[in-house]
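Heads up: the structure comes next, in structure tokens.
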Amino acid sequence: MAILVTGGSGFVGVHTSVELLNAGYDIVMFDNFSNSKPEALKRVYEITNKNFRFYEMDMRDKEKLEVVFSENTIDAVIHLAGLKAVGESVHMPLKYYDNNIHGTITLIEMMKKYNVKKLVFSSSATVYGLQSIVPISENFSLEATNPYGRSKLMIEEILRDLYISDDEWGIIPLRYFNPIGAHESGLIGESPNGVPNNLMPYITQVASGKLKEMLVFGNNYPTPDGTGVRDYIHVTDLALGHVKAIERLMAGVTGVNAYNLGTGRGYSVLELIETFEEVSGRKIPYTIVDRRPGDVAICYADPTKAKDELGWAAQRGIEEMCIDAWRWQINNPNGYESVLELERSWV
Ligand code: WQD
């Protein structure tokens, strides 16, 4: 019996796989390495000393997907595979709809064929769109402001319709706020291709000298210091949220229940920069520039529902997120630079 982790070699994928293995689950992973590297899988083994099975494939490849489900007894699926760059999605909407939505439908159809009806889905706070009230609760209105967010919202709606058609399904969309940081070992972390889109990997690369300075996207928002406020959550806390969701599904809970994975606390861009400078001892030079199109002023979670129903709450604070992100950066200045030829099966 095993948990299938789609997108298993990605930033959230490897951290979630580590916590699943630590919790005693057998896991099977697949990934197409479109935004990750095989080296990350070696690190998962180094951290856990646990075997797992990995398949290099794209989730839209029905034949390879059939192999995964026929060669393994899958209990439940944690579906993380997907494209996730907001800016890129605006320029290439069809790439996002084909990969994220077509891919998810292909996966669900294979799950149905093998009678696997337990699914944890990687959703995003982006499905809340432009909210005028914070903190944000799961019953707030849903809207999308870009194709990436729309793909996540559409998939949530597809999953709700799937449950209406068959009430044996247990489905948990997890709405991530802003995952940052890295595993305490410094062996796995965020390794974006090219210049980082997101704030924390940009900060760590400025701190290490790899990039010259931060560009702060606007300081005229209606926030205490004028810069954007977000709910940053340690990626290990996020990973542990997935373990709790799987526990709930394995206990037999059906239906579609979405949960916010956030800390419930917002920090501004300048607060994060200041905290990082304190923990790293490095100065982060920055220049204030224009707002980034599509950004909201403030976004942070009300995490009560996850606490009450999943028994989960974030434990790690902003300082620990910065310390762990910095350790990852200085130990791996170029991310997972060595791409080793890996056995495709680890069992
Ligand atoms: C955070 C804050 C920026 C970079 C996105 C996706 C979301 C999720 C997380 C996938 C904002 C500011 C950033 C920089 C800056 N991704 N910033 N200079 O946009 O909140 O969320 O990533 O699931 O779906 O929307 O994260 O890290 O890009 O930005 O000033 O170089 O930092 O304006 O206020 P965001 P982010």
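The values are calculated or read from the model by the stated rules, or taken from the named source; none is laboratory data. This structure is a prediction, so every number in the text was calculated from the model and none was measured. Here Cβ is always computed from backbone atoms with ideal geometry, including for glycine, and neighbour counts include all displayed protein chains. Side chains are part of the model used for accessible areas, which takes the heavy atoms of the whole protein and leaves out ligands, DNA and RNA. Shrake-Rupley method; radii C 1.70, N 1.55, O 1.52, S 1.80 Å.
The table that follows gives values for the structure above.
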quantity: For the stretch 171-246, accessible area per residue (1.4 Å probe, heavy atoms of protein chains only), Å²; calculated: 32 Å²
quantity: Quotient of C-alpha Rg and 2.2 N^0.38 Å, computed over the stretch 128-222; calculated: 1.46
quantity: Restraint check, LYS37/LYS244; LYS113/LYS305; LYS84/LYS244, Cα-Cα greater than 29 Å; calculated: LYS113/LYS305
quantity: 0 to 90° range, to nearest 10: angle between helix 147-165 axis and the chain longest Cα axis; calculated: 30 degrees
quantity: Sites LEU94 and GLU66, calculated FRET efficiency, Cβ-Cβ separation with R0 22 Å, nearest 0.05; calculated: 0.30
quantity: Positive-pole candidate from ALA40, GLY262, SER124, dipole of the chain, charges at beta carbon; calculated: ALA40
quantity: HN-Hα J in Hz across the stretch 28-34 - Karplus 6.51, -1.76, 1.60, θ = phi - 60°, x for Gly and Pro; calculated: 10, 10, 9, 6, 9, 6, 6
quantity: Carbon plus sulfur fraction of accessible area for the chain, probe 1.4 Å, in percent; calculated: 49 percent
quantity: Amide H partners (placed H, <5 Å) of VAL5, local residues excluded; calculated: VAL28, MET29, PHE30, ILE78
quantity: Average silhouette area of the stretch 67-135, convex hull of alpha-carbon atoms, in square nanometres; calculated: 6.2 nm²
quantity: C-alpha long axis of helix 39-48 to longest principal axis of the chain, angle in °; calculated: 80 degrees
quantity: All aspartates and glutamates inside 14 Å of LYS95 as judged from Cα atoms, apart from same-chain residues fewer than 8 positions distant; calculated: ASP58
quantity: DSSP-assigned coil residues among trypsin sites (Lys or Arg not before Pro) in the stretch 220-287, each with at most 13 further Cβ atoms within 10 Å; calculated: LYS283
quantity: Equivalent ellipsoid semi-axes - Cα gyration tensor, the stretch 187-279, angstrom; calculated: 31, 18, 11
quantity: Fraction in percent of alpha-carbon pairs per bin - 20 Å, the chain; calculated: 31, 61, 8
